[in-house]
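Report on the structure given below.
Read the figures in this text as sums done on the coordinates, not as results from a lab. As the structure is a prediction and not an experimental result, all values here were calculated from the model. Note that we place each Cβ from the backbone using ideal geometry, even for glycine, and neighbour counts take in every protein chain shown.
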Amino acid sequence: MFRIVFFCLCFWRLDGSVTSVLVKEGESVTLNSGVTEIKGDRAIKWRIGTEDDDWESKTLIAEINKRDDRIAVYDDVLDGRFRDRLKLNNQTGSLTITNITTEHAGVYGHNLYGSISNVHLAVFVEISVKEGESLTVNSDLTEIKDHDWIRWMFGNENILIAEINVKADRITVYDDYLGRFRDRLKLDNQTGSLSITNITTEHAGDYKLKMRFSIKAFRVSVSARLPVPVISRDCSSSSSSSSSSSCSLVCSAVNVGHVTLSWYKGNSLLSSISVFYRHMSLSLPLEVEYQDKNSYICVLNNPISNQTQHLNITQLCHTCSDSVHCYGPTEAVIRLVLSALVGVATVILLVYDIRSRRAERDQAHIHTSET
């Protein structure tokens, strides 16, 4: 199981629409002020908090005051999580956070010209699992405190699938959502972590964990079990398209998606082909010499698993014919018919020979009796 951390930068606008930007952990993100220049004696302040905090309850992390000619970042607040990471543009007032981590998730707000705008920086963790496995999505809590609440939501519609309400002393899982979660959801009553058992591709999608002071988001991708690729002789290749000393092969896989099919010679990649849709068929050709003693393998893989098939040149490269020529279907039928005719002729000659010998013996027996 692989986890890749991203960040979702969500801007709440007056019209209610949301714009999202994904930022990879370790990179930088810039929260724009929305202006090209702070004019006159204006000021801008950046604060961070939660959805439930009002403006004054949020923690001040940076500000520009043109009237006092002051620009400041307060990167030692909140246990120093922003130390050496904040940069404030003195012309636009935009705030940049460098080398970002999960600690920097939250609701950022700036007050400019008397207008407050909020930016929600939510953690996106991308998780990849195999079909049939169990997945536990951690809340990162060691214990749920009094008056806390936990809500797990699924999909773009944010359908509620599980919740803990400490104040009401209630733990509930709603596993009948489209029937896909039935008897598969488990909620840890101490940490609020969510487990999904016997996971299938139906459970892939976005999960959101909404807590009292933060929101976490998880993007789950589920990879179906990979089939073993099949290597076969490509007898459709004509003799004119390939050398008389070479053998045409093809590696194939059917009903697959989000995978890569590759040929390797030893540890060296020779060729590959990828598909990003489900229920597709892939095939990849390979030309080898009959006397080639190298090791060749065909590999079908996705980000979390792979299936390998080794090439046996001796076994496959005489399937079409015992000679070095690979016959096409028409020629193969003609040769089969000719072989059958030769066999029939041989039987006829054998029968004729047996009858001739028997006739000679009979003639000899009659002559002896007469004598």
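Give the peptides 186-193, 175-182 in descending order of average Cβ contacts within 10 Å, highest first.
Peptide ranking by packing, descending: 186-193, 175-182.
What percent of all Cα-Cα pairs in the stretch 230-316 falls in each 10 Å bin, counting up from 0?
17, 49, 27, 7, 0
Can you spot the lysines whose alpha carbon is less than 18 Å from K39's alpha carbon? Ignore those fewer than 8 places along the same chain.
Filter leaves K66.
Each residue of the stretch 78-86 in turn: what ³J(HN,Hα) in whole Hz from Karplus with 6.51, -1.76, 1.60 and θ = phi - 60°, glycine and Pro shown as x?
6, 6, x, 5, 9, 4, 6, 10, 9
Long-range amide H contacts for V259: which residues qualify at under 5 Å (H placed 1.01 Å from N, peptide plane, sequence gap of 5 or more or a different chain)?
Those qualifying (amide H under 5 Å, at least 5 residues apart or on another chain) are V275.
Quick query: amide H of S214 versus all other amide H atoms, modeled in the peptide plane; which residues come in under 5 Å with a sequence gap of 5 or more or a different chain?
It is none; the list stays empty.
Amide H neighbours of L31 under 5 Å, at least 5 residues apart or on other chains, H built in the peptide plane: list them.
Amide H to amide H, under 5 Å and 5 or more residues apart or across chains, L31 pairs with L95, T96, I97.
Residue-wise, which Karplus ³J(HN,Hα) couplings in Hz belong to the stretch 88-93, taking 6.51 cos²θ - 1.76 cosθ + 1.60, θ = phi - 60°, and x for glycine or proline?
With coefficients 6.51, -1.76 and 1.60, one gets 10, 6, 6, 9, 9, x Hz.
Over the stretch 91-235, one equal point on each Cα, no solvent: what is log10 I(q)/I(0) by the Debye formula at q = 0.10, 0.14 Å⁻¹?
One equal scatterer on each Cα of the stretch 91-235 leads to -0.47, -0.77.
In what sequence do W149, W55 fall when counting other Cβ within 10 Å, fewest first?
W55, W149
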